[in-house]
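The values are calculated or read from the model by the stated rules, or taken from the named source; none is laboratory data. Note that the structure is a prediction, hence the values are computed from the model and not measured. Counting neighbours? That spans all protein chains shown, and the Cβs are built from the backbone with ideal geometry, glycine included.
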Amino acid sequence: MCSAYVSFRPVCSRPRVLSLGLTLGLTLGLGVGCAPPPGSTEPSVVVTWPMPETTVVGCTIVTVDVNNLLLTDFHDSTADVLGEGHYHVIAPDGDYTSAYAPYVLMRFEDIGGPVSAYLTVRLINNVHLPLLDPDGDFYEYEVPLNFEPGPCEEFQDAGDSAGDSGMDSGMP
């Protein structure tokens, strides 16, 4: 007896899929792109914060859950090694920030007025090229957000020193 893996993860926002066949699979609810099937060796990425439709003023911390990819420092790891890489967080204007920690601070202080758009996270290899699935599609995840211009407030918790944003690693 054969069974198909079906996943309905509430964390999934809109995994971007560029081929018609996989788009049809998403329409049928097969969960393609949100999380790999159990035992899969395919890399995957899910944005765990900010949540879809959140309003972001000035900046936000973006947190990701990356599976089947060892996140490496893109400054130190420059050889193309299978199973290693980092990710890019791509803003609506096309600017991006590279990161290798499970979180990164993204700044939108100069965004031109309120805008509703997608924030994209794309998996990248050590030589700074996008990772592609067997069909030639990007491993990426999009989250619909509402962006507004404004100052970036300091992010602090009890363990941070004065003036420390709390973002000690993963920053370009």
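Among the residues of the stretch 71-106, none is identified as surrounded by fewer than 15 Cβ atoms within 10 Å (Cβ to Cβ) and not in a loop (DSSP other than H, G, I, E, B).
Among the conditions (1) surrounded by 12 or more Cβ atoms within 10 Å (Cβ to Cβ); (2) touching a residue at least 60 places away in the same chain (Cβ under 8 Å); (3) under 17 Å from P43 (Cα atoms), the only one that V56 does not satisfy is (3). Among all residues of the stretch 35-56, there is at least one that is modelled with pLDDT of 95 or more, of a type in the set (A, V, I, L, M, F, W, C) and in a loop (DSSP other than H, G, I, E, B). The residue that is surrounded by the fewest Cβ atoms within 10 Å (Cβ to Cβ), among those in the stretch 115-131 that are closer than 16 Å to V57 by Cα and out of contact with any Phe, Trp or Tyr (no Cβ under 7 Å at 6 or more places or on another chain), is S116. Is it the case that the stretch 118-127 has a residue that's in contact with a Lys or Arg (Cβ under 8 Å, 6 or more places away or on another chain), under 20 Å from D65 (Cα atoms), at pLDDT 95 or above and of a type outside the set (V, I, T)? Yes, the stretch 118-127 contains a residue that is in contact with a Lys or Arg (Cβ under 8 Å, 6 or more places away or on another chain), under 20 Å from D65 (Cα atoms), at pLDDT 95 or above and of a type outside the set (V, I, T).
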